[in-house]
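Taking it in order: structure first as structure tokens, then the write-up.
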Amino acid sequence: SQKIEQNSEALNIQEGKTATLTCNYTNYSPAYLQWYRQDPGRGPVFLLLIRENEKEKRKERLKVTFDTTLKQSLFHITASQPADSATYLCALEVYGQNFVFGPGTRLSVLP
Amino acid sequence: DTGVSQDPRHKITKRGQNVTFRCDPISEHNRLYWYRQTLGQGPEFLTYFQNEAQLEKSRLLSDRFSAERPKGSFSTLEIQRTEQGDSAMYLCASSPGQSWETQYFGPGTRLLVL
């Protein structure tokens, strides 16, 4: 069956450290993958998109990797700050039309 | 604020009642999506429109659910004969036709069915 998993429900890290979030999927073949941030009571906000032919994408303190062989994407936040505390969602493109979201990982950056 | 608005933001209703939600996308965005999100889960795709045409519906969208996008602008999502299991956050997102990979989400409508 098709499945998307994100490494854990919650991740706590110390301010200044690098947070690494994992998105694993099975029985999908996405042409690209996205990462979103969601704060409580609000809609998701788009962060980064990475295509199947790209190994890595960066934006400021964010970095995403995409390994289509392992069927895995890693999302890194370097020099993390308490303001980075939120739920992070990965989303796969499906059949060129819509998206399937993972369950999310709730990140808490402790001061 | 992404520019996508939803109304109402909160709705409490009794089981068996009908409810209707509205979404106003970013103007000139061709694609409009509806999702449902429950606590601790990611958004689940319900349906999407390309302009006024409804191009895909999830099997999650039972016959009690209907969505419209007249004239390709705002969209409405109606739930008839609500059930307690319909309690969730209903999210709308839009994307420009030429670059539909990036979705802009609204703040959502939180529905509670008593």
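The values are calculated or read from the model by the stated rules, or taken from the named source; none is laboratory data. Values in this document were obtained by computation on a predicted structure and should not be read as measured data. Glycine gets a Cβ as well: all are built from the backbone with ideal geometry, and neighbour counts include every protein chain shown. Remember, those area values only see protein heavy atoms, side chains included, never the ligands or the DNA or RNA. Shrake-Rupley method; radii C 1.70, N 1.55, O 1.52, S 1.80 Å.
Table for the structure above
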| read-out | value |
| --- | --- |
| Of all residues making up the range B:68-114, the number that are assigned to a strand (DSSP E or B) and among the charged types (D, E, K, R) | 3 |
| The range B:1-48, residues that are modelled with pLDDT under 95, over 24 Å from A:Glu5 (Cβ atoms) and of a type in the set (Asp, Glu) | B:Asp1, B:Glu28 |
| Total residues in the range B:1-18, condition of a type outside the set (S, T, N, Q), in a loop (DSSP other than H, G, I, E, B) and open to solvent by less than 100 Å² (accessible area, probe 1.4 Å) | 4 |
| Test result for B:Ser58, open to solvent by less than 10 Å² (accessible area, probe 1.4 Å), within 23 Å of A:Val100 (Cβ to Cβ) and more than 8 Å from chain A (Cβ to nearest Cβ) | no |
| Residue that is nearest to the other protein chains (Cβ to nearest Cβ), among those in the range B:19-30 that are outside any loop (DSSP other than H, G, I, E, B) and open to solvent by less than 30 Å² (accessible area, probe 1.4 Å) | B:Cys23 |
| Condition check for A:Gln2: modelled with pLDDT of 90 or more and of a type in the set (S, T, N, Q) | no |
| Strands (runs of 3 or more DSSP E) contained in the range A:54-111 and holding at least 1 residues open to solvent by 10 Å² or more (accessible area, probe 1.4 Å), in contact (Cβ under 8 Å) with a residue 60 or more places away in the chain and closer than 20 Å to A:Tyr32 by Cβ | A:86-94, A:98-101 |
| Odd one out for B:Ser75, checked against (1) under 21 Å from A:Pro44 (Cβ atoms); (2) open to solvent by 50 Å² or more (accessible area, probe 1.4 Å); (3) away from every other protein chain (no Cβ under 13 Å) | (2) |
| Condition met for A:Gln97 (of a type in the set (S, T, N, Q) and within 14 Å of chain B (Cβ to nearest Cβ)) | yes |
| The range B:90-114, subset surrounded by fewer than 21 Cβ atoms within 10 Å (Cβ to Cβ), modelled with pLDDT of 95 or more and facing chain A (nearest Cβ under 10 Å), residue farthest from B:Leu61 (Cα to Cα) | B:Pro107 |
| Failed item in (1) of a type in the set (Lys, Arg); (2) within 11 Å of another protein chain (Cβ to nearest Cβ); (3) surrounded by fewer than 16 Cβ atoms within 10 Å (Cβ to Cβ), with A:Lys3 passing the rest | (2) |
| Top-ranked residue in the range A:24-53 [being farther than 27 Å from B:Gly3 by Cβ and in a strand (DSSP E or B); ranked as farthest from the other protein chains (Cβ to nearest Cβ)] | A:Thr26 |
| Odd one out for B:Leu46 among (1) closer than 17 Å to B:Arg110 by Cα; (2) within 12 Å of another protein chain (Cβ to nearest Cβ); (3) surrounded by fewer than 20 Cβ atoms within 10 Å (Cβ to Cβ) | (3) |
| Check on B:Tyr33, buried (at least 21 other Cβ atoms within 10 Å of the Cβ), among the aromatic types (Phe, Trp, Tyr) and closer than 23 Å to A:Tyr32 by Cβ | yes |
